[in-house]
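**Student:** Would you mind keeping the following structure in view while I ask a few things?
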Amino acid sequence: NIGFLFLDNLLKEDKFKKKKNYDFCVKKNTIFIKPKTYMNQSGNAVTAVQTEYRIDDILVIVDDINLPLGEIRLRHGGGSGGHNGLKSITASLGNPDYKRIRIGVNAPDNEDLSDFVLSNFSKPELETLSEVFELTEKLVEEFSEKSFEDSLNMYSKIKKSYSEKTKSQDRSDDNSEKVKSP
């Protein structure tokens with residue numbers, strides 16, 4: 001789960017508190033959550049947090065099997081792209097009008113999708129994701145301190161150099177040893 005990996009990396013010095021449907025950590029003016037529900041019920045955790053804390057601006061960090069490993073896309077609103085977590089959040093919120101950072105994981109054509117999304121990342125993949133998380137951290141910081149539009153502007157300015165840097169890794173061709181991830 002890219003979102004969990006990112007939060008574990010971002011908040012490695014912080015401790016998550018536990019609630020019924022989610023674990024959370026508050027840092028500055030932002031509440032970071034990790035749903036404890038199944039992915040296809042992630043919306044339950046999002047609406048619980050939204051109701052309890054009266055949050056009106058949501059940013060979801062999600063993996064995207066249709067993007068190359070490490071590619072990032074920012075979007076406000078839109079469809080689920082077949083992602084069951086996004087479907088659940090949209091259904092729970094009653095609309096698709098929330099912000100997303102989609103991070104590519106590059107699903108191979110010839111592997112069972114459920115096996116793929118449950119598999120661990122290889123060491124080279126984790127190295128690529130480390131670079132991805134550095135940029136994602138900056139984007140989240142812009143979102144938290146300013147606005148999603150500021151995140152979009154920042155990404156637009158550095159997208160080309162970032163894309164060239166992370167393009168080299170293709171998960172479907174990687175046969176190296178897998179490393180356990182949360």
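The values are calculated or read from the model by the stated rules, or taken from the named source; none is laboratory data. Keep in mind the model is a prediction, meaning the values are calculated, not measured. Methodologically, a virtual Cβ is constructed for each residue, glycine included, from the backbone with ideal geometry; neighbour enumeration extends over all protein chains shown. For the accessible areas, the whole protein counts, side chains as well, though only heavy atoms, and no ligand, DNA or RNA atoms are used. Shrake-Rupley method; radii C 1.70, N 1.55, O 1.52, S 1.80 Å.
**Student:** I'm checking my understanding of the structure. Among residues of region 106-137 that are open to solvent by less than 40 Å² (accessible area, probe 1.4 Å) and part of a helix (DSSP H, G or I), which one is modelled with the lowest pLDDT?
**Tutor:** Checked region 106-137; the qualifying residue modelled with the lowest pLDDT is F116.
**Student:** Moving on to the next point. M39 versus (1) open to solvent by 40 Å² or more (accessible area, probe 1.4 Å); (2) within 20 Å of F148 (Cβ to Cβ): which is the lone unmet condition?
**Tutor:** Just one mismatch for M39, condition (2).
**Student:** Let me ask another. Conditions first: (1) under 14 Å from I89 (Cα atoms); (2) out of contact with any Phe, Trp or Tyr (no Cβ under 9 Å at 6 or more places or on another chain); (3) touching a residue at least 24 places away in the same chain (Cβ under 8 Å); (4) open to solvent by 50 Å² or more (accessible area, probe 1.4 Å). V62 passes all but one, so which condition is the exception?
**Tutor:** The one condition V62 does not meet is (4).
**Student:** If I filter region 42-54 down to residues being in contact with a strand residue (DSSP E or B) (Cβ under 7 Å, 6 or more places away or on another chain) and without any contact (Cβ under 8 Å) to a residue 40 or more places away in the chain, which single residue comes out as most open to solvent (accessible area, probe 1.4 Å)? Reasoning before the result, please.
**Tutor:** Taking region 42-54 first, the residues in contact with a strand residue (DSSP E or B) (Cβ under 7 Å, 6 or more places away or on another chain) are 42, 45, 48-49, 53.
Narrowing further to those that are without any contact (Cβ under 8 Å) to a residue 40 or more places away in the chain: 45, 48-49, 53.
Values: A45: 0, A48: 32, V49: 8, Y53: 79 Å².
It comes out as Y53.
**Student:** Considering each residue of region 138-174, count those that are at pLDDT 70 or above and among the polar types (S, T, N, Q), and give that number.
**Tutor:** The total comes to 5.
**Student:** Taking only region 32-62 into account, find how many residues are among the basic types (K, R) and farther than 23 Å from E141 by Cβ.
**Tutor:** Matching residues across region 32-62 total 1.
**Student:** Which ones in region 73-105 are more than 15 Å from the chain's Cα centre (by Cα), β-branched (V, I, T) and outside any helix (DSSP H, G or I)?
**Tutor:** Of everything in region 73-105, nothing turns out to be more than 15 Å from the chain's Cα centre (by Cα), β-branched (V, I, T) and outside any helix (DSSP H, G or I).
**Student:** Looking at region 27-72, which of the residues that are of a type in the set (G, A, S) and under 23 Å from N9 (Cβ atoms) is nearest to the chain's Cα centre (by Cα)? Reasoning before the result, please.
**Tutor:** Here is the first cut: in region 27-72, the ones of a type in the set (G, A, S) are 42-43, 45, 48, 70.
Of the ones still in play, those that are also under 23 Å from N9 (Cβ atoms) are 42, 45, 70.
Values: S42: 13, A45: 15, G70: 11 Å.
Within region 27-72, the match that is nearest to the chain's Cα centre (by Cα) is G70.
**Student:** Is there a residue in region 43-59 that is under 26 Å from E131 (Cα atoms) and in contact with a Gly (Cβ under 9 Å, 6 or more places away or on another chain)?
**Tutor:** Looking for residues that are under 26 Å from E131 (Cα atoms) and in contact with a Gly (Cβ under 9 Å, 6 or more places away or on another chain), one finds none in region 43-59, hence no.
**Student:** Would you mind telling me which numbered condition in (1) hydrophobic (A, V, I, L, M, F, W, C); (2) in contact with an Asp or Glu (Cβ under 7 Å, 6 or more places away or on another chain); (3) surrounded by 17 or more Cβ atoms within 10 Å (Cβ to Cβ) L67 fails?
**Tutor:** (2)
**Student:** Out of the residues in region 1-20 that are over 18 Å from the mean Cα position of the chain (by Cα) and either touching a residue at least 24 places away in the same chain (Cβ under 8 Å) or closer than 13 Å to S144 by Cβ (or both), state the one that is surrounded by the fewest Cβ atoms within 10 Å (Cβ to Cβ). Lay out the reasoning, then the answer.
**Tutor:** Initially, region 1-20 is screened for residues over 18 Å from the mean Cα position of the chain (by Cα), giving 13-15, 17-20.
From the residues that got through so far, the ones that are either touching a residue at least 24 places away in the same chain (Cβ under 8 Å) or closer than 13 Å to S144 by Cβ (or both) too are 19-20.
Details: K19: 14, K20: 9.
So the residue we want is K20.
**Student:** Moving on. Check region 81-101 and report whether any residue there is open to solvent by 70 Å² or more (accessible area, probe 1.4 Å), among the acidic types (D, E), out of contact with any strand residue (DSSP E or B) (no Cβ under 8 Å at 6 or more places or on another chain) and over 21 Å from V117 (Cα atoms).
**Tutor:** For region 81-101, residues open to solvent by 70 Å² or more (accessible area, probe 1.4 Å), among the acidic types (D, E), out of contact with any strand residue (DSSP E or B) (no Cβ under 8 Å at 6 or more places or on another chain) and over 21 Å from V117 (Cα atoms): absent.
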